[in-house]
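Pasting in a structure now, in structure tokens, and then I'll have a few things to ask.
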Amino acid sequence: MTDAASRAAHLALIVGFHAACFAALATGVRGADLALCGALYLVQMFGVTAGYHRYFSHRSFKTSRAFQFVLALLAMTSGQRGVLWWAWHHRHHHRHSDTPQDLHSPRHMGFWRSHLLWWMAAENRRPDLAQVRDLARYPELRLLERFYATPALLTAAACYGLGGWGGFVVGFCWSTVLVWHATFAINSLAHLWGRQDHATGDDSRNNAVLAVLTLGEGWHNNHHRYPSSARQGMGRQLDLSWIALRVLSAVGLVWDLKRHPATATVPQRQPREVTR
């Protein structure tokens, strides 16, 4: 497939998913469909945050080969391509954050390209496997990379089986599109809106709203300061993915969770001086 054909197919997929969300006008929206949407959102988002991001991109904890495969499947139900591609582009982002070489910097590309349009660019669709050798050595991950759409398609079929067209449209399409935009908001909004508690040399921000929507990824400035930490919230900052990883650690599915230094803190906001 040529680059132009690949870009056109990817654009059609993205537009098609968004358009499919409006099919709810025909299918109706039942409580069961909304419950399926909410449950799948949590599963997909955890796959993105704990799988694509904290494990495959940053190796911030260890797990077995079998559970590594489970994390890859969970992540790929969100339709954000294979784990090799995701880890490659994210590692590239950290090496070139908010420079002209960054694949999705709002400083250099504007909001919409950094949020979504970069994802369609043909030059961004082929991962440099030399940058993810630690992952590419696993044949099962390379197989998933080749058939990256399969986990999402199977999830869509399962949603249809559970709830018919309402389960597919509301349960799967709504959830997937919401997870896309929440994930991509970290690339765009989390470099524009929020507090910079640490000097990181880029535009990364801490944003409590995005942290709730993304199960902890909104503490993005913390993350750019301590990228290998499995915990992105600091102090009392809510990080639901970290809590889930602690539970998985307690039952032995993951271990050696990396953390920011014990002495690391979020600077306190200074009170304003009152003038009379």
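Pick out the one residue from 110, 167 that is in contact with a Cys (Cβ under 6 Å, 6 or more places away or on another chain) and either at pLDDT below 95 or over 30 Å from residue 193 (Cα atoms) (or both).
Criteria check complete, one pass: 167.
Shifting gears a bit: Which of the numbered conditions does residue 78 fail, given that it passes all the others? Conditions: (1) surrounded by 19 or more Cβ atoms within 10 Å (Cβ to Cβ); (2) over 12 Å from the mean Cα position of the chain (by Cα).
Every condition holds for residue 78 apart from (2).
Out of region 180-227, which residues are assigned to a helix (DSSP H, G or I), within 20 Å of residue 244 (Cβ to Cβ) and among the small types (Gly, Ala, Ser)?
Hits for region 180-227 are 182, 208, 211.
Additional query: With under 20 Å from residue 180 (Cα atoms) and at pLDDT 95 or above as the only criterion, which of 84, 116, 162 stands out?
On inspection, the qualifying residue turns out to be 84.
Does residue 32 qualify as being modelled with pLDDT of 95 or more, surrounded by fewer than 19 Cβ atoms within 10 Å (Cβ to Cβ) and small (Gly, Ala, Ser)?
yes
Filter region 81-112 down to residues that are over 14 Å from the mean Cα position of the chain (by Cα) and hydrophobic (A, V, I, L, M, F, W, C) and give me whichever is farthest from residue 252 (Cα to Cα).
Selected residue: 109.
Helices (runs of 4 or more DSSP H) wholly in region 45-134 with at least 3 residues that are closer than 24 Å to residue 159 by Cα - which ones?
Because the criterion is at least 3 residues that are closer than 24 Å to residue 159 by Cα, the helices (runs of 4 or more DSSP H) in region 45-134 that meet it are 65-76.
Surrounded by 21 or more Cβ atoms within 10 Å (Cβ to Cβ), over 30 Å from residue 261 (Cβ atoms), under 15 Å from the mean Cα position of the chain (by Cα) and small (Gly, Ala, Ser) - does that describe any residue in region 152-163?
Looking through region 152-163, none of the residues is surrounded by 21 or more Cβ atoms within 10 Å (Cβ to Cβ), over 30 Å from residue 261 (Cβ atoms), under 15 Å from the mean Cα position of the chain (by Cα) and small (Gly, Ala, Ser).
Would it be correct to say that residue 61 is within 21 Å of the chain's Cα centre (by Cα) and over 25 Å from residue 186 (Cα atoms)?
Spelling it out, it is not the case that residue 61 is within 21 Å of the chain's Cα centre (by Cα) and over 25 Å from residue 186 (Cα atoms).
The values are calculated or read from the model by the stated rules, or taken from the named source; none is laboratory data. These numbers were taken from a predicted model, which means no experiment stands behind them. For neighbour counting, all protein chains shown are included, and Cβ atoms are generated from backbone atoms with ideal geometry for every residue, glycine included.
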